[in-house]
Amino acid sequence: EGIHSETENWRYFPANELACHLLGFVRQSEGEKSNGQYGVEEFYNKELVGRTGLAKVKKDSKGQIISVNKEIIQKSEDGADLILTIDPNIQFFIEERLKAAIKEFKSTGGTIIVMEVKTGAIKAITNWPQFNPNNYNQIEDINTFSNPAIHNLYEPGSIFKPITMAGALDRGAVTPQTTYDDKGKVEISGYVIENALQRGEGIQTMTQVLEKSLNTGAIFAQQKLGKDAFKEYVEKFGFGDKTGIDLKGEASGNISNLKKKRDLEYATASFGQGISVTPVQLVAAFGAIANNGVLLRPYIAEKILYKNKEEKITKSQEIRRVISSETASRITAMMVSAVKNGHTQRAGVEGYSVAAKTGTAQIPDFEKGGYTEETIHSLIGFFPAFDARFVMLVKLDKVKGVSFAEGSAAPVFGEIAKYILNYYEIPPTQ
């Protein structure tokens, strides 16, 4: 006697940590209205939360409600259902593969994104470290909730070289066969910039620049393109601006160095230093190359199903044409060559053409200036190369025991690409 129970609605996430940054969580406190926080829970909170009903009633002398003469002022409405673009099987696979890579390379964090090339639909997106949205109140560091895939900025390093090369090809400043004499280093404004392996390769084509990831070759292409045109293409690819993905907390990146018009800043930007980007910006930009030169808006919600049987379907949204289809085909062929003949071979899948580029990026030291000895390993690419279905980024933070991304991010990319190609039963291209 004196003990009773009452029904209470509670948001529950049956898959626990799966896609936690993508989903977010629902903040629920006694006596307060539940509201989505982070991820799609916050972005689509208005649609999901529904509407509370309101009635005007009378009470008796004891304060009890008299059931007669009730006046409904506002009917209650259930929230809508949200159907995501995410494929749970791919999502689970990339999460398991990322966890394994973090452990293998003693990395402090990482991100993997898979996007459909022809629509912009995100098929899977994951980060490390994770959290359980059912137990969000147990997390002490609030930054754990932020989605690194759309929020964290980093200098991309050599995976930016195809962006530089695409601009130079599109403007006619170079061709894949254009050559230059690589002496291993170049002096600009009193500073010496070297290749990663600190050696010269002699006469090299622009295709070999991507195969061997030559910093001097990226600088050559940028200088042939010119500062104004280089900045124009960087912006056309979407860097320095939000992609418009339907998630809360997206950052714009930072390409403000290009406003200075100094030779040094443009030279370093050509191979991805001195500018910062988000992982989702990279995926969208390389998605444009894979999509015959057209940039699309990435999106998460496939459709919204309202309780009145109406539905709102997300349509693929073109942002702009960035490069010509001919240029897209040329840079794709150069990236395929980087997988076949260059430092990106471990990203390949037997029987399929894969276009990809590695990047081993130094991490800036904001206190002392310059760069630390720690690096971020990335690999971005799309497959099958000449009729691409998917574009994917693998990013591993502060990798230990492996010097370059070809030994860390590349094999992770290759394993996931093979799984996706088999899963969707995409026939071999070779």
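Which residue pairs have Cβ atoms under 6 Å apart, sit 6 or more places apart or on different chains, and have a first residue in segment 121-135 that is farther than 19 Å from Ala285 by Cβ and a second that is hydroxyl-bearing (Ser, Thr, Tyr) and surrounded by fewer than 17 Cβ atoms within 10 Å (Cβ to Cβ)?
Listed by first residue and then by second, the contacts come to Phe131/Thr144.
Are there strands (runs of 3 or more DSSP E) fully within segment 141-210 with at least 3 residues that are not β-branched (Val, Ile, Thr)? List them.
In segment 141-210, 179-182 are the strands (runs of 3 or more DSSP E) which contain 3 or more residues that are not β-branched (Val, Ile, Thr).
Is it the case that Tyr424 is closer than 19 Å to Ile125 by Cβ and free of Cβ contacts under 8 Å to residues at least 40 places away in the same chain?
yes
For segment 93-113, check the following and say yes or no: at least one residue is open to solvent by 40 Å² or more (accessible area, probe 1.4 Å), farther than 21 Å from Gln130 by Cα and outside any strand (DSSP E or B).
Scanning segment 93-113 turns up no residue that is open to solvent by 40 Å² or more (accessible area, probe 1.4 Å), farther than 21 Å from Gln130 by Cα and outside any strand (DSSP E or B).
Starting from residues that are open to solvent by 10 Å² or more (accessible area, probe 1.4 Å) and out of contact with any helix residue (DSSP H, G or I) (no Cβ under 6 Å at 6 or more places or on another chain), keep the ones in segment 158-178 and report whichever is nearest to Val322 (Cα to Cα).
Result: Gly172.
So in segment 393-416, with the set limited to residues that are out of contact with any strand residue (DSSP E or B) (no Cβ under 7 Å at 6 or more places or on another chain) and of a type in the set (D, E, K, R), which one is most open to solvent (accessible area, probe 1.4 Å)?
Lys400
Given the conditions (1) surrounded by 18 or more Cβ atoms within 10 Å (Cβ to Cβ); (2) outside any helix (DSSP H, G or I); (3) acidic (Asp, Glu), and given that Glu47 satisfies all but one, which numbered condition is not satisfied?
(2)
Where in segment 279-329 are there strands (runs of 3 or more DSSP E), lying fully within it, with 1 or more residues that are out of contact with any Leu (no Cβ under 8 Å at 6 or more places or on another chain) and open to solvent by less than 40 Å² (accessible area, probe 1.4 Å)?
Answer list for segment 279-329: 294-296.
Just checking, which of Glu116, Glu187, Glu155, Glu140 is modelled with pLDDT under 95 and either open to solvent by 10 Å² or more (accessible area, probe 1.4 Å) or closer than 30 Å to Ser324 by Cβ (or both)?
Testing whether each residue is modelled with pLDDT under 95 and either open to solvent by 10 Å² or more (accessible area, probe 1.4 Å) or closer than 30 Å to Ser324 by Cβ (or both) leaves just Glu140.
If a residue has to be within 21 Å of Val399 (Cα to Cα), among the β-branched types (Val, Ile, Thr) and within 13 Å of the chain's Cα centre (by Cα) to count, how many in segment 90-138 make the cut?
Selection size over segment 90-138: 5.
Go over the candidates Thr358, Thr372, Thr344 one by one and state the one that is in contact (Cβ under 8 Å) with a residue 40 or more places away in the chain, touching a strand residue (DSSP E or B) at 6+ places or on another chain (Cβ under 9 Å), among the polar types (S, T, N, Q) and farther than 19 Å from Ala284 by Cα.
Just a single option satisfies the conditions, and that option is Thr344.
Examine segment 71-87 for a residue that is under 26 Å from the mean Cα position of the chain (by Cα), at pLDDT 95 or above and closer than 26 Å to Ser408 by Cα, and state whether such a residue exists.
Yes, some residue in segment 71-87 is under 26 Å from the mean Cα position of the chain (by Cα), at pLDDT 95 or above and closer than 26 Å to Ser408 by Cα.
The values are calculated or read from the model by the stated rules, or taken from the named source; none is laboratory data. These numbers were taken from a predicted model, which means no experiment stands behind them. Virtual Cβ from ideal backbone geometry, glycine too; neighbours counted across all protein chains shown. For the accessible areas, the whole protein counts, side chains as well, though only heavy atoms, and no ligand, DNA or RNA atoms are used. Shrake-Rupley method; radii C 1.70, N 1.55, O 1.52, S 1.80 Å.
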